[in-house]
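One structure is given here, and the rest of the page talks about it.
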Amino acid sequence: MTSVRPMRVLLTGATGYIGGRLAPELLKRGHSLVCLVRSKRKLSERDWVRNPGVTVIEADALDEQAVREAASTCDAAYYLIHAMEAGNDDFVERDRRLAASFASAVRDTSVQRIVYLGGLGELGAGLSKHLRSRQEVEQILRDSGVPVTVLRAAMILGSGSASFEILRYLVERLPVMITPRWVKTRCQPISVIDVLAYLIDVLEIEEPIDRSLEIGGPEVLSYRELMRQMAEAMGFRRRWVIPLPILSPKLSSLWLGLVTPVSAAIARPLAEGLRNEVIVHDDTVQQLFPRQTIPPREAIERALDRTRSGQVMTTWSAAGVVPGDPDWAGGKVFEDTRSVVIDASASTVFAAVCRVGGGHGWYAADYLWRLRGWMDQLVGGPGLRRGRRHPETVSYGEALDFWRVTDVRRNARLELRAEMKLPGVAELAFDIEPEGDRQRLLMSARFMPKGLFGLAYWYSVLPFHHIVFSGMLREMKRAAEAMEKLPTHSSVH
């Protein structure tokens with residue numbers, strides 16, 4: 001049934017949750033890749049990028065000419081772009097524009113099939129904005145004239161997925177949950193392992209499948225039952241779930257945004273989608289590609305194991321635009337720079353610096369960081385909930401609590417840009433400079449205020465800088481010098 005001929009594949013969304021896991025699997029099967037990404041640097045630390053079968057092209061997916069050139073040598077294309085993952089408020093219109101541009105670009109190229117990962121859900125007046133947008137993208141891609149295989153999935157369970165993280169945080173933080181009625185809605189979650197397998201199966205079948213296929217795991221259950229399975233897998237006692245009919249999608253999104261790692265902007269369309277029953281009604285995919293799919297409980301346990309061991313390959317929070325250097329010209333810029341000399345190698349100092357955030361904390365005044373995180377959540381920001389992908393390693397473009405990694409140079413520099421709600425633009429940079437046999441670690445906090453409120457904000461937090469930043473440098477010095485004395489210490493990527 002399948003074709004063994006290696007293909008040259010155009011992969012969009014390679015820096016995202018699914019695309020970042022699909023790429024190495026395709027390479028294992030002998031296919032070569034052309035990855036279209038907004039930023040090459042977001043792939044710089046992925047081992048699979050160094051495979052000779054990988055070509056990375058940096059371009060915006062709305063650049064029709066760039067997409068056409070990328071597709072010109074390819075046999076097939078994966079369309080794994082979804083604007084909502086980037087936290088775009090107007091994701092429906094952007095998804096529409098992206099899909100239309102892509103469809104126009106691949107038309108009349110060598111691409112013989114397109115594979116798209118969409119969402120389950122019955123058509124109708126009650127379909128959520130999120131699911132309706134997914135299905136609208138399907139039709140736009142078909143307008144290209146190229147056969148399109150759509151895999152429609154419900155909740156995807158895997159370490160680092162938005163759905164898994166929402167579920168985990170709800171169960172972990174709330175022994176008693178006052179929830180909307182959607183906890184009674186039935187769903188058919190699927191393991192990310194099975195999603196990747198199906199994505200490859202439909203590529204390797206000899207003739208393109210020009211239709212939509214529904215994919216799901218082996219069990220249909222309510223979100224309440226899924227929460228129970230998560231609680232059991234995490235070793236918690238029973239979680240009490242009390243559904244209330246008065247919680248609207250807007251209130252639900254604010255609630256999800258407060259308790260879980262996703263922002264209210266992303267939680268809103270997700271909360272609306274939870275009203276829709278998402279189960280498989282057509283088992284064609286099982287007839288074409290018979291497989292024993294992974295039960296939800298096992299998928300949860302696998303994801304938890306990877307999370308605990310720090311082996312999360314990709315996360316939902318890495319998706320989105322990484323801004324370039326802000327335009328500091330034309331406005332007042334405040335800067336607070338401090339430094340400390342450390343008796344350790346540059347690699348050890350860098351390792352210590354790159355442990356900031358997540359479960360490790362921020363070295364000093366963690367209570368102030370937690371307070372700032374809760375304040376950010378209350379106004380719709382990410383707070384400290386996103387954590388980090390790995391306890392020690394960081395890569396360009398990754399989320400790190402309420403910061404985004406905007407520059408990382410091994411043994412030399414780590415730069416973060418704030419994504420918390422602020423009346424201005426904030427950066428935090430760590431630079432390592434040699435000083436004889438030792439290293440000088442410089443910490444620079446920069447802030448460009450917006451308006452009078454921005455000025456007031458800077459002066460209000462300034463008194464805390466000595467407590468926070470001086471404490472961080474002091475504890476980083478202590479940690480690095482202790483690590484230097486160990487026989488071996490971890491490297492950071």
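The values are calculated or read from the model by the stated rules, or taken from the named source; none is laboratory data. Quick caveat: nothing in here was measured; it's all calculated off a predicted structure. Backbone-built Cβ (ideal geometry, glycine too); neighbour counts: all protein chains shown.
Residues of the range 28-48 being buried (at least 18 other Cβ atoms within 10 Å of the Cβ) and over 15 Å from E398 (Cβ atoms), which ones?
The answer is H31, S32, L33, V34, C35, L36, W48.
Somewhere in the range 362-373, is a residue farther than 16 Å from L473 by Cβ, assigned to a loop (DSSP other than H, G, I, E, B), within 21 Å of the chain's Cα centre (by Cα) and outside the structural domain of G160 (by TED's automatic domain parsing)?
No, that holds for no residue.
Can you find a residue that is touching a strand residue (DSSP E or B) at 6+ places or on another chain (Cβ under 7 Å), of a type in the set (A, V, I, L, M, F, W, C) and not in a helix (DSSP H, G or I) anywhere in the range 453-476?
No, the range 453-476 contains no residue that is touching a strand residue (DSSP E or B) at 6+ places or on another chain (Cβ under 7 Å), of a type in the set (A, V, I, L, M, F, W, C) and not in a helix (DSSP H, G or I).
Hey, which of the strands (runs of 3 or more DSSP E) in the range 1-79, taking only ones fully inside, have at least 3 residues that are of a type in the set (F, W, Y) and assigned by TED's automatic domain parsing to the domain that holds Q135?
none
Quick check on this structure: which one of D336, D305 is under 18 Å from V461 (Cβ atoms) and at pLDDT 80 or above?
Being under 18 Å from V461 (Cβ atoms) and at pLDDT 80 or above holds for just one of D336, D305, which is D336.
If D60 satisfies all but one of (1) in contact with a His (Cβ under 9 Å, 6 or more places away or on another chain); (2) surrounded by fewer than 17 Cβ atoms within 10 Å (Cβ to Cβ); (3) within 21 Å of A105 (Cβ to Cβ), what's the number of the condition it fails?
(1)
Does E64 satisfy being at pLDDT below 95 and more than 23 Å from the chain's Cα centre (by Cα)?
Yes; evaluated as a whole, the condition is true for this residue.
Mind checking which residues of the range 387-426 are free of Cβ contacts under 8 Å to residues at least 12 places away in the same chain and in a loop (DSSP other than H, G, I, E, B)?
None; the set is empty.
Among the listed residues Q135, Q139, which satisfies the condition of being outside any strand (DSSP E or B), surrounded by fewer than 21 Cβ atoms within 10 Å (Cβ to Cβ), in the same structural domain as Q112 (by TED's automatic domain parsing) and at pLDDT below 85?
Numbers: Q139 fails: at pLDDT below 85.
Only one candidate qualifies: Q135.
Residues being over 16 Å from A482 (Cβ atoms) and either surrounded by 17 or more Cβ atoms within 10 Å (Cβ to Cβ) or aliphatic (A, V, I, L, M) (or both): count how many of those fall in the range 362-379.
Summing the residues that are over 16 Å from A482 (Cβ atoms) and either surrounded by 17 or more Cβ atoms within 10 Å (Cβ to Cβ) or aliphatic (A, V, I, L, M) (or both) in the range 362-379 gives 12.
Condition first: under 32 Å from the mean Cα position of the chain (by Cα) and under 16 Å from L473 (Cβ atoms). Now tell me which residues in the range 434-458 satisfy that.
Selection gives L441, L442, M443, S444, A445.
Specify which of the listed residues (I205, I215) is surrounded by fewer than 17 Cβ atoms within 10 Å (Cβ to Cβ), assigned by TED's automatic domain parsing to the domain that holds I140 and modelled with pLDDT of 90 or more.
Answer to the check: I205.
Can you name the residue in the range 447-493 that is surrounded by fewer than 19 Cβ atoms within 10 Å (Cβ to Cβ) and of a type in the set (D, E, K, R) and, of all such residues, is modelled with the lowest pLDDT?
K450
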